[in-house]
1. Return the loop-located GluC sites (Glu not before Pro) in the stretch 60-151 (DSSP other than H, G, I, E, B) with at most 16 other Cβ atoms within 10 Å of their own Cβ; answer none if there are none.
2. Just rank LEU210, LEU170, LEU136, fewest to most, by other beta-carbon atoms within 10 angstrom.
3. How far apart, in nm, are two points set 7 Å out from the Cα along the Cα-to-Cβ line at ALA299 and at LEU200?
4. Percent of Cα-Cα pairs per 5 Å bin, from 0 to the last occupied bin, for the stretch 71-167, please list those.
5. Using only the Cα atoms of the stretch 143-206, what are the Rg and Dmax in Å?
6. Distance between the C-alpha centers of the stretch 134-194 and the stretch 227-279? Whole Å please.
7. Using a Debye calculation, one point per C-alpha and no hydration shell, please list log10 I(q)/I(0) for the stretch 118-161 at q = 0.28, 0.30, 0.33 Å⁻¹ in order.
Amino acid sequence: MVEQLAFIYKDSLFSVAVLAFIIGGVILLDYCRSTLAHRRNLKILNALSLSYTQVELAFEVQQLLQKEQENPLEVLGFKTWMFLAKHYATYGSSEQAIKIYLVLLPKYQNERIVILENLAKAYIDMGYVQKARDILVEVLRIDPRNTHALQAMVQVYETMCDPQTALEILECLDALGESRLLDDYYYLQMQVLMEQDLGLEDKSMAILELGRQQSKLYKLALKHLKTYHKTLFFEEIAHLKEAVPFIDLLWDIDYLEIKPYLQDLHPHLLEVFVAKGYIQGKCHTLELEVFKTFQKQYALSLNFSYKCTACKSLSPFESYRCLVCAKIGPKEVILSLDKHPSDYSKNSNLN
């Protein structure tokens, strides 16, 4: 009996059979693991799609989306739906885009990373950064080296006033070989400086020095000084030679505050205070000259809007990171004049 067993073990066919059994077992275990992972991902994505409030779409789009959801085959197709969702997001209807992404998520498993990335961006655009963070965490769980998700995560933590964590994520991007990170790095360094527990003088000088070194952050440094260290702010604006890029910082300054520094200002900056009636003179900037000439007669107000130098999008308020293209830097200040609303009501009264 022992001799027969020894003969079987020495048989080459037996060795092949054992090897085939082992390989088959490994394949079966891998298949089971993949199946369980797929079911787990599907469960997570289904929960994700049900966890956020959905809004109503246009009736026709809603009908097509319902058919897409119910039909195992493609109705419009993934690319068409993504194009439509991005169109909604681009033109300010991020809620509609989110509804589409959430419906597509359980059906198009192979495209889930693309859908989740766009879903996170839509939530960032709407200001729901915590929701965006949760989605990006899921993307990075699936694909830890996803640079798009990491870049979006930098923006999320920046918005959540956690620049230190954003810097750590930026270091991960640098390790992955991403380029053009310096603007983000210095901007986040500025945010860290603003939050540090330093004395007023030390903090203000550190922020100003960084602003001088990085021209894209200079206006941000001036804005901080205006709020927290006005003496240093007034001393610094004496070095400015352009008015319009900084006019929104200068426009609301009271006469008594600026009076001791007027003699030190560049003629272009003096135009701002000529327009406000603090001193006599002429303005070379058209909007300022019109304001100076007709403000009392027509109760004019000077308004500011901000154009991104990268994507040319226009915003009523300044954000150092463009809300459209996410580029960092000061925006071009656009001046406009409006008649005070109260005067419209007076002129429209026919009695």
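Since every read-out is calculated from the coordinates, none of them should be taken as a lab result. As the structure is a computational prediction, the values presented were derived from the model and not from experiment. Neighbour counts run over all protein chains shown; Cβ positions are idealised from the backbone, glycine included.
1. Details: sites: GLU60, GLU68, GLU70, GLU74, GLU95, GLU111, GLU117, GLU138; in loops: GLU74.
Here the sparse-neighbourhood loop sites are GLU74.
2. LEU210, LEU170, LEU136
3. With each label placed 7 Å out from Cα toward Cβ, I get 3.8 nm.
4. Pairs per bin, as whole percents: 3, 14, 24, 22, 19, 11, 5, 1, 1, 0.
5. 13.1, 45
6. Between the Cα centres of the stretch 134-194 and the stretch 227-279 lies a distance of 36 Å.
7. Rounded to two decimals, the profile gives -0.96, -1.08, -1.24.
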